[in-house]
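Take a look at the structure below.
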Amino acid sequence: MPSRARLQMSLAIEPLPLKAPFAIAGHRFEAMPALVATLSDDDGHRGRGEACGVYYLDDHPASMHAALEARREAIEAGIDRAALQTLLPPRARATRWTARCGNCRRNANAGRCGRWPGWRRHGRCRPRSPRRRRAGAGRGRRALAQARLLKLKLDGDAELDIARIAAARAARPDVRLMVDANQAYTLQRIAPLIAALADHRVELLEQPFARGREADLDALDCPVAVAADESVQGLDELDALAGRCDFVNLKLDKCGGLTEALAMAARARTLGLRCMVGNMLGTSWAAAPAFALGQLCELVDLDGPSFIQTDRSPAVVYRDGLIHCPDEVWGGAGGVASRSAADAAASTPPTQVPRP
């Protein structure tokens, strides 16, 4: 199929209600609306892309919808991934990702005739199921019985946050434990929390300070690894984090899709930064390409579809602390990209995360 084949684009905003309210510092979500872009051609090939946007940057499905409508003519003319990088402004990264993902999924569907699943079109090795999976700690002990890694959401009240960490560790002494402050702390208020992290064997502290306060990390004496999330939106913001944190959280909604995310992962390596892949909730349509990116990351945080009331079909699968992504989710030929825990342990590098 010619790369510039004429396309037809349709757009829809889907409400994506959650199974239960999801709370982080300063925000409470009962749904995570997403923009879905569907691209089709005259040969009957069809692909879909999904993005929820970046709420704290006022990047929402409605504005994303308007941005794509304004560029409909260019997209339907058969725009490629390289051109799409510059078609939308940097702040519209999630919008760009929706359009690009639709185009990539269309290509994956077209590749069925040659039995080429979607992940191969991005030059990646066959994906395997990462052993690391974050699960929301407020979802009940039974629901988290299979989890091997928990990430707690903090709210900036040090006393309550320390109690939450202690309760989680007491309930699950066996799991790896991380915490995410979602920008809730300041350098002046974080000392009590820092003192408690090592006591409860917490391995990683994510985004302790507000975006724009990255310089405060220079004065942070933390015994565990520190990750940046809101502080890193794209490739242009990576260099400023070198030496200030240990991990960067790559999310496709933030950076605009696999093209930029893969470049970010490569650049992070050269800067001595390690990578984790996360999500803005979303369904399996958003998780599948993030799963491919996860092959390059030490930590995988892709539990978004498990929070959605009704996921896509076919869908990613969670089992025994792993996320599995069947090729059918991509629209490719059959086969399940998964492996056993024993196989994973034999072929995956160690992922301990002490602060260097």
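Residues checked against (1) surrounded by 20 or more Cβ atoms within 10 Å (Cβ to Cβ); (2) modelled with pLDDT under 60:
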{"residue": "Ala51", "(1), (2)": "yes, no"}
{"residue": "Leu68", "(1), (2)": "yes, no"}
{"residue": "Leu87", "(1), (2)": "no, no"}
{"residue": "Arg93", "(1), (2)": "yes, yes"}
{"residue": "Arg106", "(1), (2)": "yes, yes"}
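Considering the range 275-324, and only residues there that are of a type in the set (Asp, Glu) and open to solvent by less than 20 Å² (accessible area, probe 1.4 Å), the residue that is nearest to Phe22 (Cα to Cα) turns out to be Asp303. Restricted to the range 55-66, and to residues there that are in contact with a helix residue (DSSP H, G or I) (Cβ under 8 Å, 6 or more places away or on another chain) and crowded, with 21+ Cβ neighbours inside 10 Å, the residue that is modelled with the lowest pLDDT is Asp59. If we keep just the residues of the range 17-36 that are assigned to a strand (DSSP E or B), modelled with pLDDT of 90 or more and among the hydrophobic types (A, V, I, L, M, F, W, C), which is most open to solvent (accessible area, probe 1.4 Å)? Among those residues, the one meeting the criterion is Ala20. Restricting to the range 50-83, and then to whatever is small (Gly, Ala, Ser) and assigned to a loop (DSSP other than H, G, I, E, B), can you tell me which residue is nearest to Gly278 (Cα to Cα)? Checked the range 50-83; the qualifying residue nearest to Gly278 (Cα to Cα) is Gly53. Does Glu14 count as within 23 Å of Leu258 (Cβ to Cβ), open to solvent by 20 Å² or more (accessible area, probe 1.4 Å), in contact with a Pro (Cβ under 9 Å, 6 or more places away or on another chain) and in contact (Cβ under 8 Å) with a residue 12 or more places away in the chain? Criteria met by Glu14. Do the conditions hold for Gly47, that is, is it assigned to a loop (DSSP other than H, G, I, E, B), surrounded by 13 or more Cβ atoms within 10 Å (Cβ to Cβ) and touching a Lys or Arg at 6+ places or on another chain (Cβ under 8 Å)? No. Taken over the range 218-237, the criterion of being outside any loop (DSSP other than H, G, I, E, B) and either open to solvent by less than 50 Å² (accessible area, probe 1.4 Å) or out of contact with any Cys (no Cβ under 9 Å at 6 or more places or on another chain) (or both) is satisfied by Asp218, Ala219, Val224, Ala225, Val226, Ala227, Ala228, Asp236, Glu237. Considering Ala240, Ala215, the condition of being open to solvent by 40 Å² or more (accessible area, probe 1.4 Å), under 19 Å from Arg269 (Cβ atoms) and among the hydrophobic types (A, V, I, L, M, F, W, C) is satisfied by Ala240 alone. Across the range 35-53, the qualifying residues are those that are touching a strand residue (DSSP E or B) at 6+ places or on another chain (Cβ under 6 Å) and not small (Gly, Ala, Ser), and the one among them that is farthest from Lys251 (Cα to Cα) is Arg46.
The values are calculated or read from the model by the stated rules, or taken from the named source; none is laboratory data. Computed from a prediction, not measured in an experiment: that's the story for all the values here. No Cβ is skipped: glycine too gets one built from the backbone with ideal geometry, and neighbour counts run over all protein chains shown. These accessible areas exclude ligands, DNA and RNA; they are computed on the full protein's heavy atoms, side chains included. Shrake-Rupley method; radii C 1.70, N 1.55, O 1.52, S 1.80 Å.
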